[in-house]
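Colleague: Shown below is the structure under consideration.
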Amino acid sequence: MKVPLLDLSKQHNPIMLDIKRTVDRVIESQSYILGEEVELFEKEIAEYCNVKYAVGVSSGTDALIISLMSANIGQGDYVITTPYSFFATAGAISRVGAKPIFVDIDKKTFNIDPNEIERLMIKKAFMKHRIKAIIPVHLFGQCANMNPIIKIAKDYNLWVIEDAAQAIGSGSAGSIGDFGCFSFFPSKNLGAFGDGGLVTTNSKESYEKLKMLRQHGSNPKYYHKIIGGNFRLDSIQAAILRVKLKYLNKWTNSRRHNSDEYEELFYEYDLSKIILPNHTSNHTYNQYTIVVPERRNESKDFLFKNNIQTEIYYPVPLNKQECYLTFHESDVLPIAEYLSKHSLSIPIYPGITLGQQIYVVKKIKEFYN
C-alpha cells in the first residue's frame with residue numbers, strides 16, 4: 001500500500017471542471033494582475049477570517065515582509081519570534097534589515113511560549129526600545145496562545161504580526177494581531193496552483209499602506225509616496241482560490257476527522273509512548289506531527305521503505321541555522337531543539353482512507369516493536 005504525505009488530486013478532481021471554467025474566464029478577461037478577481041477574493045477571504053480588510057500578495061513570505069514594512073520595522077530593530085518554524089518567518093525579518101530574537105516554544109502546542117517572551121523582555125530591558133514586534137506562528141494549524149501575547153505587546157508597545165501561513169480557519173487566526181499573514185502555497189489547507197499570499201488587518205490606515213506597498217509604493221499609478229515592492233497577487237490564482245474557498249470548511253473537517261481516527265488507532269495499537277498533536281477544536285491539522293521517543297530518522301526511513309511518505313518539520317531550529325549562528329550562538333532553547341530531533345509528520349490530507357491510516361499506524365507499531 002502507498003500512502004503519500006499529500007495527495008492533492010483527492011481535493012482537485014471533484015472540482016476541476018469548475019476551476020478550468022474559472023481560469024478560462026480570467027484568460028478571456030485579459031486581466032492577469034490584481035483586478036476584479038483579486039478584489040472579490042479579498043472581500044470573501046476577509047469575511048471568512050472575520051476581519052475588516054484583506055490584501056492579496058504574491059506569497060506568504062511576502063505577506064510577512066510587507067507587514068514588517070508597513071510597521072516601519074527595519075535596520076537596527078529587533079523582532080521576537082519562534083525558532084521552530086519555516087525559515088520564511090525569520091528570513092522576512094532579516095530581509096527588512098531587522099534581527100530576529102528567538103524564544104523557546106511550548107512543548108504541547110509547538111508554538112511560541114508567552115512566558116518566554118515576558119522573560120526575554122525583562123532580561124533584555126536594556127534593549128527593549130529596539131524590540132519593535134512579535135511574530136507568533138500558528139504552527140501546523142493550531143493558534144498560538146494569543147491573549148498573553150497581546151497583553152505583552154500592549155505593555156511594551158509592540159506590533160503583533162501573526163504568521164498564520166499554516167492555520168487558515170483555525171479559530172481567530174489572522175484577526176487578533178495588527179497583521180495576519182497567510183500562505184496559499186499548494187500544500188496549504190487552502191492552496192493555489194502556484195504561489196500566493198494574503199495580509200489581513202482591521203486597521204484602515206494599515207490597509208491603505210499595504211495596498212501601496214504591494215505596488216512599489218504608488219498611489220496613484222506612477223506617483224510614489226513610499227518605497228514598496230512588487231508583491232501583487234495575480235488574477236488566476238485569486239480566481240482558483242475563490243473556487244477552493246467554498247470547500248475549505250469541508251476539507252478542514254476532514255482533517256479533523258482524520259486526526260480523531262489517528263488518536264483512536266494509536267490508542268488501539270498501544271503506542272502510548274508516542275506523543276500526539278495537541279487536540280483542540282480549532283486545530284486545522286495542516287500537518288499531523290507526532291513526537292517519537294527515539295530513532296526518529298530510522299523510523300522515517302522504515303516508513304519510506306514501506307511506501308509511507310513522512311516529513312520532518314523542522315530538522316534544524318532557526319537559531320541553529322548557519323546564517324544565524326553568529327548572532328544566536330549562545331541561545332539555549334531546549335524544547336525547540338528537542339522537537340527538531342524527535343518530531344515526525346505523517347499523512348493526514350483530506351481523502352486519505354481509514355485503511356491507509358491503519359497501515360501507517362501498524363507500520364509505526366512494527367518499527368517500535
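The values are calculated or read from the model by the stated rules, or taken from the named source; none is laboratory data. Keep in mind that what you see is a predicted model, and the values were worked out from it rather than measured. Here the Cβ is made from the backbone with ideal geometry for all residues, glycine too, and neighbour counts use every protein chain on show.
Colleague: If you check every pair at least six apart or on different chains, which have Cβ atoms under 8 Å apart with a residue in segment 69-89 that is modelled with pLDDT under 95 first and a residue that is in a helix (DSSP H, G or I) second?
Modeller: Within 8 Å, the pairs are Gly76/Arg130.
Colleague: If you don't mind, there's one more thing I want to ask. Where residues in segment 1-33 are modelled with pLDDT of 95 or more and in contact with a strand residue (DSSP E or B) (Cβ under 7 Å, 6 or more places away or on another chain), which of them is surrounded by the most Cβ atoms within 10 Å (Cβ to Cβ)?
Modeller: Selected residue: Val3.
Colleague: Would you point out which residue out of Lys209, Lys204 is surrounded by fewer than 19 Cβ atoms within 10 Å (Cβ to Cβ), touching a residue at least 60 places away in the same chain (Cβ under 8 Å) and over 23 Å from Ile348 (Cβ atoms)?
Modeller: On the way: Lys209 fails: surrounded by fewer than 19 Cβ atoms within 10 Å (Cβ to Cβ).
The conditions single out Lys204.
Colleague: Say whether the condition of being among the aliphatic types (A, V, I, L, M), within 23 Å of Ile176 (Cβ to Cβ) and touching a Gly at 6+ places or on another chain (Cβ under 7 Å) is met by at least one residue in segment 213-226. Let's see the steps before the verdict.
Modeller: From segment 213-226, those among the aliphatic types (A, V, I, L, M) are 213, 226; that's our starting set.
Filter once more, keeping what is within 23 Å of Ile176 (Cβ to Cβ): 213.
Within this subset, residues satisfying the condition of being touching a Gly at 6+ places or on another chain (Cβ under 7 Å) are 213.
Among the residues of segment 213-226, at least one is among the aliphatic types (A, V, I, L, M), within 23 Å of Ile176 (Cβ to Cβ) and touching a Gly at 6+ places or on another chain (Cβ under 7 Å), which makes the answer yes.
Colleague: Go through the residues of segment 47-60 one by one and say whether even a single one is within 17 Å of Ile135 (Cα to Cα), in contact (Cβ under 8 Å) with a residue 24 or more places away in the chain, buried (at least 24 other Cβ atoms within 10 Å of the Cβ) and not assigned by TED's automatic domain parsing to the domain that holds Ile346.
Modeller: Yes, segment 47-60 has at least one match.
Colleague: Would you say Glu205 is part of a helix (DSSP H, G or I), among the charged types (D, E, K, R) and more than 23 Å from Asn50 (Cβ to Cβ)? Steps first, answer last, please.
Modeller: On the way: part of a helix (DSSP H, G or I): yes; among the charged types (D, E, K, R): yes; more than 23 Å from Asn50 (Cβ to Cβ): no.
So Glu205 does not fit the description; no.
Colleague: Tally the residues that are part of a loop (DSSP other than H, G, I, E, B), among the hydrophobic types (A, V, I, L, M, F, W, C) and in contact with a Gly (Cβ under 8 Å, 6 or more places away or on another chain), restricting the search to segment 15-72. Break it down into steps so the answer makes sense when it comes.
Modeller: Initial filter on segment 15-72 (part of a loop (DSSP other than H, G, I, E, B)): 30-32, 34, 50-52, 58-59, 71-72.
Retained after the next criterion (residues that are among the hydrophobic types (A, V, I, L, M, F, W, C)): 34, 51, 71.
Within this subset, residues satisfying the condition of being in contact with a Gly (Cβ under 8 Å, 6 or more places away or on another chain) are 34, 51.
The total comes to 2.
Colleague: Hey, among Gly180, Gly171, which residue is closer than 22 Å to Tyr53 by Cα, modelled with pLDDT under 95 and not assigned by TED's automatic domain parsing to the domain that holds Arg256?
Modeller: Gly171
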